[in-house]
Amino acid sequence: MLYIGNHTTSSKGYAAMARQMIKNGGNTFAFFTRNPRGGKAKNIDEKDVAKFLELSKENEFEKIVAHAPYTMNCAAAREDLREFARETMKDDLKRMEYTPGNYYNFHPGSHVGQGSEAGIAKIAEILNDVLTEEQSTTVLLETMAGKGSEVGRSFQEIRAIIDLVDRKDKLGVCLDTCHVWDGGYDIVGNLDGVLKEFDEVIGLGRLKAVHLNDSMNGLGSHKDRHAPIGEGCIGLEALVRVISHPALKGIPFILETPNDDEGWTKEIALLRERYQEV
Ligand code: FE
Ligand code: FE
Ligand code: ZN
């Protein structure tokens, strides 16, 4: 089974997001837990959640992949910004328990000149503060393009964060195809080699979700500009190989392409048509 959907822009609640995704031909989706630039989250409506759980069961949704706001920087130099990140993640994880057993993805952070080692330690420290034994949510570290001072620009940096976290059983990784390509991993010419390296450095068992994006820029460009599927430097064929790769079988693929629902519907249909079940 191929699990594919898009990062939905609808903000009318869980059931509305699921309905839109069913219309788009999807069976998973991503969404922002709150305004992407931060701010207060809306209250959870339990009726809406109940309807969502019913819809996702009927339509064979597997996992959904929540996305933390971009502004959350666990590696910030300023302690007030780190406190905001800590409280945001704590609150988001509490809210995630209304839809148990899903994924919460976040950008590890930017070290803003402190150096990646200091950034890695700060990110791990917040994870150690917020992860609890009781939570059913798996927190995913997103692989980053290495724009500016982003931490998580290599598999080694992701691994270094995981190494410092106590509750490793609550951690996973979300691989963004645009980001790893921009980060210098050649998923076009050598997908097997990249996944082998991921396995050696992090372990494929931690790879829980993929952000499926084309890239406007070349290998190693460190730019992070997403392109629609087949319209960028990665190309359709390479992305079809990603969704069809046996090592990635059964995990959710989330489109974060610059699109609207009509465009995502077309991309999902195209990828479903080209998907090779192995
Ligand atoms: Fe992201
Ligand atoms: Fe992403
Ligand atoms: Zn991106």
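For the options Val210, Val112, Val242, a Gaussian network treatment of the chain with springs between C-alpha atoms closer than 10 Å singles out Val112 as fluctuating the most. A cut-off of 5 Å between modelled amide H atoms, ignoring neighbours fewer than 5 places along the same chain, links Phe32 with His67. If the reach is capped at under 12 angstrom between alpha carbons, list the aspartates and glutamates near Lys223, excluding any in the same chain fewer than eight residues apart. Straight-line reach from Lys223, under 12 Å: Glu150, Asp182. With Rg and the Kirkwood Rh both taken from Cα atoms, where does Rg over Rh land for segment 82-195? My calculation of the ratio gives 0.98.
Annotation for segment 1-74 versus segment 204-242: alpha-carbon center distance of 22 Å.
Geometric descriptor of segment 7-161, per residue, is 115 Å³ (volume of the convex hull of the Cα atoms).
At 0.36 nm per residue, minus the direct Cα-Cα distance, what do Gln114 and Ala50 gain on full extension? Give it in nm, one decimal, please. Write down the numbers at each step before the final one.
Details: separation 64, 0.36 × 64 = 23.04 nm, distance 4.46 nm.
Residue separation times 0.36 nm, minus the Cα-Cα distance, leaves 18.6 nm.
Shown in residue order for segment 204-214 are the 3J(HN,Hα) couplings computed by the Karplus curve 6.51 cos²θ - 1.76 cosθ + 1.60 at θ = phi - 60°: 5, x, 8, 7, 9, 7, 10, 8, 9, 9, 8 Hz (x for Gly and Pro). Mind grabbing the base-10 log of I(q)/I(0) for segment 49-100 at q = 0.13, 0.15, 0.18, 0.27 Å⁻¹? Debye formula, identical points on the C-alpha positions, no solvent, two decimal places. Result of the Debye calculation: -0.44, -0.54, -0.67, -1.01.
Tell me, in nm to one decimal, what length is gained between Arg167 and Glu134 on full extension, where the rule is 0.36 nm per residue of separation less the Cα-Cα distance?
Full extension of this stretch gives 10.8 nm more.
Rounded to the nearest 20 debye, the dipole size of the chain about its Cα centre is 460 debye, using +1 on the Cβ of Lys and Arg and -1 on the Cβ of Asp and Glu.
Straight-line cross-link partners of Lys42 among the aspartates and glutamates, defined as a Cα under 18 Å from its Cα and at least 8 positions apart when in the same chain: Glu87, Asp91, Asp92, Glu97.
Translational D (Stokes-Einstein, µm²/s) of segment 151-201 at 25 °C and 0.890 mPa s when Rh comes from the Kirkwood sum over C-alpha pairs?
It diffuses with D of about 210 µm²/s by this estimate.
So for segment 178-266, considering every pair of alpha-carbon atoms, how many percent are separated by more than 16 Å? Across segment 178-266, Cα pairs with separations above 16 Å total 53 percent.
Within the chain, the proportion of Cα pairs with more than 34 Å between them is 13 percent. Backbone N atoms of segment 212-250 closer than 15 Å to the 7 Å Cα→Cβ label point of Glu62 belong to residues 212, 242-250.
Charges on Cβ only, +1 for Lys and Arg, -1 for Asp and Glu, centred on the Cα centroid of the chain; of Ile44, Thr28, Asn105, which one is farthest towards the dipole's positive end? So the residue furthest toward the plus end is Ile44.
Binned at 5 Å from 0, what are the whole-percent values of the Cα-Cα distance distribution for segment 140-231, short to long? Calculated over all Cα pairs of segment 140-231, the distribution is 3, 15, 25, 27, 17, 9, 3, 1, 0 percent. Couplings 3J(HN,Hα) of segment 149-163, computed from phi: 10, 4, 8, x, 7, 9, 4, 4, 5, 5, 4, 5, 5, 4, 4 Hz, in residue order, whole Hz [Karplus 6.51 cos²θ - 1.76 cosθ + 1.60, θ = phi - 60°; x for Gly and Pro].
Among 252-258, 34-40, 189-195, 49-55, what's the highest-first ranking by average C-beta atoms within 10 angstrom per residue?
Output ranking for 252-258, 34-40, 189-195, 49-55: 252-258, 49-55, 189-195, 34-40.
Between His211 and Leu175, Asp176, Thr177, Ile254, the built amide H atoms are under 5 Å apart, and every one of these is 5 or more places off in sequence or on another chain. Whole-Hz Karplus values for segment 245-262 come out as 5, x, 6, 10, 4, x, 8, x, 10, 10, 7, 10, 7, x, 7, 10, 4, 4 Hz, taken residue by residue from phi with 6.51 cos²θ - 1.76 cosθ + 1.60 and θ = phi - 60°; glycine and proline positions read x.
Read the figures in this text as sums done on the coordinates, not as results from a lab. Source: prediction; values computed, not measured. A quick note on method: Cβ atoms are made from the backbone with ideal geometry, for glycine too, and the neighbour counts reach across all protein chains shown.
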